[in-house]
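Worksheet: one structure, shown below.
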Amino acid sequence: MVRVRSTAEVSTVLRLASQHRVPVVPQGARTGLAGGANAVDGCLLLSLERMNQILAIDSGEQIAVVQPGIVNATLSAAVAERGLYYPPDPASWESSTIGGNVATNAGGLCCVKYGVTGDWVRALEVVLADGSVLRTGRATAKGVAGYDLTHLFVGSEGTLGVVTEVTLSLRPKANTPLTAAAIFTDVGAACIAVNDYLSSGVRPSLLELMDGPTIKVVSAYRELGLPPETEAVLIAQSDDEHRAAADLDAFAEVCRRLGAGEVVVAEDPAEGELLIEARRLVGPAHEAVGADLVDDVCVPRARLADLLRGVARIGQKHGVLVTCAGHAGDGNMHPAVVFDPADEDMAARALEAFGAIMRLGLDLGGTITGEHGVGLLKRSWLEAELGEVALTAHRSIKHALDPLNILNPGKVLSMGEGLSRK
């Protein structure tokens with residue numbers, strides 16, 4: 001492992017690695033869920049955690065320039081002190097780094113209104129496989145000169161270059177949101193409520209769903225006080241300065257019309273945080289019940305009910321617990337297949353269920369990953385989603401930027417015969 005502190009050190013490492021044909025795996029905080037930062041045999045691990053400085057915050061231009069090792073929450077707190085806001089907030093925001101967020105094009109709870117990491121990246125500094133340093137994009141709000149290389153590197157998971165500096169857009173600090181939660185006995189009705197609510201023209205800043213199995217897992221971890229017959233909880237927030245109350249009134253009306261047994265509208269921010277806490281506990285609660293494979297399928301919102309019902313059938317067919325929570329407003333759900341890794345038969349069934357869920361997502365017109373990335377876990381499924389022409393284009397780009405295939409080899413896509421480092 002090499003723990004670098006500067007772009008010059010990254011350049012030296014990659015120049016030497018290229019000369020000696022040594023594979024390099026970049027790592028940040030290692031919070032990824034698809035194996036994109038996993039070591040490979042014989043590799044050099046390139047840790048960027050010590051490149052953790054905020055280089056500039058420009059309140060006038062509303063941008064921040066940061067190194068890749070800065071933690072998301074640290075940056076968010078720093079810009080908030082200037083009255084600014086950096087929206088992307090993956091569930092791991094208190095530990096994940098901006099570099100890792102850029103590598104996977106990470107999302108978060110607020111994507112339904114504010115988009116994913118790539119929507120906020122203006123420019124990058126990237127060290128290429130041979131050690132040369134490339135600057136992409138620009139600090140200005142507009143600029144369309146040349147190909148959009150910035151967003152080629154966003155989401156590339158360290159396979160095309162190593163990001164050493166990121167210029168991010170900011171916006172004025174958002175208003176404190178209002179929060180509401182609706183309790184359903186039918187998960188399908190909750191999914192229909194999502195589509196009907198967003199079709200009415202509102203733009204919430206958050207719209208999350210937890211299904212019945214998820215609620216049981218979280219309730220075992222921390223009592224939520226929900227009725228035992230609860231099969232879905234929808235949580236909505238609005239931070240609109242003028243419409244927040246009206247947005248939540250509309251949410252309550254839609255949910256009650258579709259059979260919600262109870263709709264709770266928080267009376268103050270502290271109560272709102274209590275409602276959101278249940279959603280944030282999904283990850284820790286699952287850690288307490290065993291290993292889990294976290295899927296990341298995204299489907300058109302009109303197919304959410306089909307996805308949730310299909311996931312339940314897959315769990316039953318393979319004899320494993322499958323929970324489902326996620327960003328319903330985006331159609332991006334995170335089915336989690338829970339299993340005992342010491343039980344080889346159960347582990348095999350869990351992998352089969354995981355694959356069946358990705359197949360279901362594709363069949364519903366969706367994608368195998370909305371925000372976690374492909375990494376190692378989903379590489380074979382990327383081929384199923386992209387098709388041969390797109391795969392050829394991907395491989396051509398990879399070969400042009402990394403002809404020796406030393407950058408995070410084996411991740412995202414297979415390079416095929418004749419293009420490996422050997």
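The values are calculated or read from the model by the stated rules, or taken from the named source; none is laboratory data. None of the values given here were measured: they were computed from a predicted structure. Here the Cβ is made from the backbone with ideal geometry for all residues, glycine too, and neighbour counts use every protein chain on show. These area figures cover heavy atoms from the full protein model, side chains too; ligands, DNA and RNA do not enter into them. Shrake-Rupley method; radii C 1.70, N 1.55, O 1.52, S 1.80 Å.
Evaluating Ala270 against the criteria (1) modelled with pLDDT of 95 or more; (2) hydrophobic (A, V, I, L, M, F, W, C); (3) part of a helix (DSSP H, G or I); (4) surrounded by fewer than 22 Cβ atoms within 10 Å (Cβ to Cβ) leaves one unmet condition, (1).
A search for C-beta distances below 6 Å between a residue of segment 367-391 that is in contact (Cβ under 8 Å) with a residue 60 or more places away in the chain and any residue that is open to solvent by 60 Å² or more (accessible area, probe 1.4 Å) and assigned to a loop (DSSP other than H, G, I, E, B), counting only pairs 6+ apart in sequence or on different chains, returns His372/Leu33; Leu376/Asn38. Screening Arg280 against (1) out of contact with any Gly (no Cβ under 6 Å at 6 or more places or on another chain); (2) modelled with pLDDT of 90 or more leaves a single unmet condition, (2).
In a residue-by-residue description of segment 373-396, the property of being buried (at least 23 other Cβ atoms within 10 Å of the Cβ) and among the polar types (S, T, N, Q) applies to no position.
Between Thr176, Thr150, Thr164, Thr159, the distinction of being of a type in the set (Val, Ile, Thr), touching a residue at least 24 places away in the same chain (Cβ under 8 Å) and either on the phi > 0 side of the Ramachandran plot or surrounded by fewer than 20 Cβ atoms within 10 Å (Cβ to Cβ) (or both) belongs to Thr176 only. No other residue among Arg50, Arg15 is in a loop (DSSP other than H, G, I, E, B), charged (D, E, K, R), touching a residue at least 24 places away in the same chain (Cβ under 8 Å) and open to solvent by 40 Å² or more (accessible area, probe 1.4 Å) apart from Arg50.
Evaluate segment 279-300: report whether one residue or more is farther than 22 Å from Gly35 by Cα, free of Cβ contacts under 8 Å to residues at least 60 places away in the same chain, surrounded by fewer than 21 Cβ atoms within 10 Å (Cβ to Cβ) and not hydrophobic (A, V, I, L, M, F, W, C). Among the residues of segment 279-300, not one is farther than 22 Å from Gly35 by Cα, free of Cβ contacts under 8 Å to residues at least 60 places away in the same chain, surrounded by fewer than 21 Cβ atoms within 10 Å (Cβ to Cβ) and not hydrophobic (A, V, I, L, M, F, W, C), which makes the answer no.
Identify all residues within segment 313-354 that are over 30 Å from Ser238 (Cβ atoms), hydrophobic (A, V, I, L, M, F, W, C) and assigned to a helix (DSSP H, G or I); write none if there are none. Selection gives Ile314, Met346, Ala347, Ala348, Ala350, Leu351, Ala353, Phe354. Of the residues contained in segment 204-216, none is found to be basic (Lys, Arg), assigned to a loop (DSSP other than H, G, I, E, B) and either closer than 25 Å to Ala266 by Cα or open to solvent by 10 Å² or more (accessible area, probe 1.4 Å) (or both). Look at segment 122-140: where a residue is touching a residue at least 40 places away in the same chain (Cβ under 8 Å) and on the phi > 0 side of the Ramachandran plot and a partner is open to solvent by 20 Å² or more (accessible area, probe 1.4 Å) and among the basic types (Lys, Arg), sitting 6+ places away or on another chain with Cβ atoms under 7 Å, you get Gly131/Arg15. Return the residue satisfying two criteria in turn: it lies in segment 158-203 and is assigned to a loop (DSSP other than H, G, I, E, B) and of a type in the set (S, T, N, Q), and of such residues it is farthest from Leu275 (Cα to Cα). This residue is Thr159.
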